[in-house]
Structures are given as C-alpha cells and as structure tokens.
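Before any comments, here is the structure.
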Amino acid sequence: MAWFETWFDTPYYHILYKDRDFEEAENFISLLLKELQLPAGSKIIDLGCGKGRHSVFLNKAGYDVLGLDLSKESILHNKQFEIHPENGDRQPELKFAVHDMRDDIYPAVSSAKVDAVLNLFTSFGYFEDENDDRRVFRSVCNTLNDGGYFVLDFLNETWVKKTLVPQEIQTKGHIDFNINKRIVDQHVIKDINFTDNGKKHHFYEKVKLHEPSEIEDYGREFGFELVKVYGNYHLEPFDPETSPRCINVFRKKSDCSSL
C-alpha cells in the first residue's frame, strides 16, 4: 500500500499534527472566500478534508460542502458533523465520503457539479506517477461548473529546499517523534520514528516538489486558466524565492470531458 493509505488512518498521524494552527487556517479560508466571491449556497468540495474541521468552517460560512478523503477513519469521524436539510430547509448541506482524488468525483460521489473545489494544506504531490497527478486535475475539471474555481494550495519548491530542517524531535504527550527529512529525486521524504508502549514504529511521508510551472501546465492541459497565485496564508503575492506557499487559483474555462 502507498504510504498515505496507511499513515493517515493511524491515530499517531493525528497525535503528531494535533497542534496545527487552526485559527490561521480559518483566517486563510475566510480571506480566500472573500477573494473568490462565491454566492451563498454555492457548492464546494473540500478535497482531502482530513478530520473535517475546514469543511465544517466552510459550511458555517453558508456553503453546501462535500468533504472527501481517502482515510476511512477520518470520514467515519466526520460523519458526526453532517447536516442534511429537510425539504424546504435553507440550511446549507454538509456531507462526507471516502474518495480517492484520482478518481471521478462527478457523478460517482457528487450528484451535481459544483462551483469550487478546494485542495488545501498540501494534499497533493503524493503520487509516484505523474499521470496520477493529471487524473486529479481531470476529475476536478469534470466536477466543476463552467467558470468554477479550483484552489490548489501547495508547497513552494524553492522555499522548501532553502529551509528544510534535516532532523528534529517533536514531543506530543508521552511520545517523542524523531523526524528526519531529506530531498531525493525532487521528493521531500520525512521519516517518522517513535516508541509507544514499548513498541517501535516507523512511518514516512513522501511529497513531490512540483515546480510552479508544472502545476500551471497541468491546469492548462485540463482546461483551466491560472488567475492568481498567492505566496502565503495572508494571500500576499507569490515570490518564487521567499514565499512558503504556492496557492494556485484556477478557473475552469473550457470543457474537459474529452481531455
């Protein structure tokens, strides 16, 4: 199995990343929604939704949201947040489903096309085969309405190479996570070693460092126009040398069913 098919379903993944800055994330999403100017009631897919916190936030902002993730454990956890309005109820809908982002979203898990697909906080670059990356763009294009937005929030390759910390220990509760990072063949590899209850564990993460031009090329190939690139979660302009993020805002400009 691929690393992400096992690691994301372990409790240790969520222990290691439990201190993520959710306030920063929600401020970022608020700024992004302001920029996109999506009308209330628009349909949004949170692609790679994890434990669903951002899907819930999007829903509370007034949007119908479908959160999708490969992790069965995460989606099982998220089911408690679902909102299914009764007939005539104007409350926005919130649903979750297990889904591999490489596969068709519409009509497999979404019965209607949507106005925006958000892939946030580095939920891309996991695949060895670049054709799998293309499949993601194709599936997103196929599920978007004409003029719909695809936001791909990714690492800035140059910044990662400049700032990589090779080794660190992160203590979460009673567990010391020994983390070693290296770059091999344009992939950031993070080895994660720790001991819990006398048992040693090893997991790893592997993310491809796509250059900004590669991501733009994928978008162009599948009928997207790149309308804006931001360099951080404050939505400041992208600088290839100093920006920590490469937040791509694409707009669907043509039919992609034949691509």
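Using the Cα atoms as the points, what is the convex hull volume per residue of the chain in Å³?
In the chain, the Cα hull volume divided by residue count equals 132 Å³.
I'd like the distance between the alpha-carbon centres of the range 165-235 and the range 18-90, rounded to an integer number of Å.
Each part reduced to its Cα centre gives a spacing of 22 Å.
Taking the highest mean first, how do the peptides 168-178, 92-102, 41-51 order by number of other beta carbon atoms within 10 angstrom per residue? Each step should come with its number before you reach the end.
Values: 168-178: 12.2, 92-102: 19.1, 41-51: 23.7.
By packing density, highest mean first, the sequence is 41-51, 92-102, 168-178.
Tell me which residues come under 5 Å, amide H to amide H, from ASP176 once H is placed; ignore anything under 5 positions away on its chain.
THR195
Using only alpha carbon pairs under 8 Å that are at least six residues apart, calculate the relative contact order of the chain and give it in whole percent.
Taking the mean separation of contacting Cα pairs over the length of the chain, I get 17 percent.
What residues of the range 196-233 lie in the reach of a label at MET1, counting those whose backbone N is under 19 Å from a point 7 Å from the Cα along Cα→Cβ?
200-207
Just rank TYR149, TYR17, TYR12, fewest to most, by other beta-carbon atoms within 10 angstrom.
TYR17, TYR12, TYR149
5 Å is the cut-off here: which amide hydrogens, built 1.01 Å from N in the peptide plane, fall below it relative to LYS228, excluding neighbours closer than 5 in sequence?
For LYS228, whose amide H was placed from the backbone, the distant partners under 5 Å are VAL249.
Between THR242 and GLN91, what is the label-to-label distance in nm when each label sits 7 Å out along the Cα-to-Cβ direction?
Taking the simple label geometry, THR242 and GLN91 are separated by 4.7 nm.
Could you work out the local net charge near CYS49, counting Lys and Arg as +1, Asp and Glu as -1, over the other residues with Cβ closer than 11 Å to its Cβ? Write out the running numbers ahead of the final one.
Values: positive: LYS51, ARG53, LYS95; negative: ASP46, ASP69.
With Lys, Arg at +1 and Asp, Glu at -1, the neighbours total +1.
Any lysines with Cα under 20 Å of the LYS228 Cα? List them, leaving off those in the same chain fewer than 8 positions away.
Here the lysines satisfying the reach criterion relative to LYS228 are LYS34, LYS252, LYS253.
Once amide H atoms are placed 1.01 Å from N in the peptide plane, what residues at a sequence separation of 5 or more from VAL117, or on another chain, have their amide H within under 5 Å of its amide H?
Placed amide hydrogens put ILE45, TYR149, PHE150, VAL151 under 5 Å from VAL117.
What distance in nm lies between label points placed 7 Å from Cα along the C-beta direction at ASP176 and GLU211?
4.1
Only bridges with both residues in the range 1-118 count here: give the DSSP antiparallel percent, nearest 5. Display every interim value, and only then the final one.
Details: 1 of 14 bridges.
Counting DSSP beta bridges with both partners in the range 1-118, the antiparallel share is about 5 percent.
What order do you get for LYS79, LYS113 when you list them from fewest to most C-beta neighbours inside 10 Å?
Ascending Cβ contact count within 10 Å gives the list LYS79, LYS113.
Every read-out reported here was derived from the displayed coordinates using simple, explicitly stated rules and does not represent laboratory data. These numbers were taken from a predicted model, which means no experiment stands behind them. For neighbour counting, all protein chains shown are included, and Cβ atoms are generated from backbone atoms with ideal geometry for every residue, glycine included.
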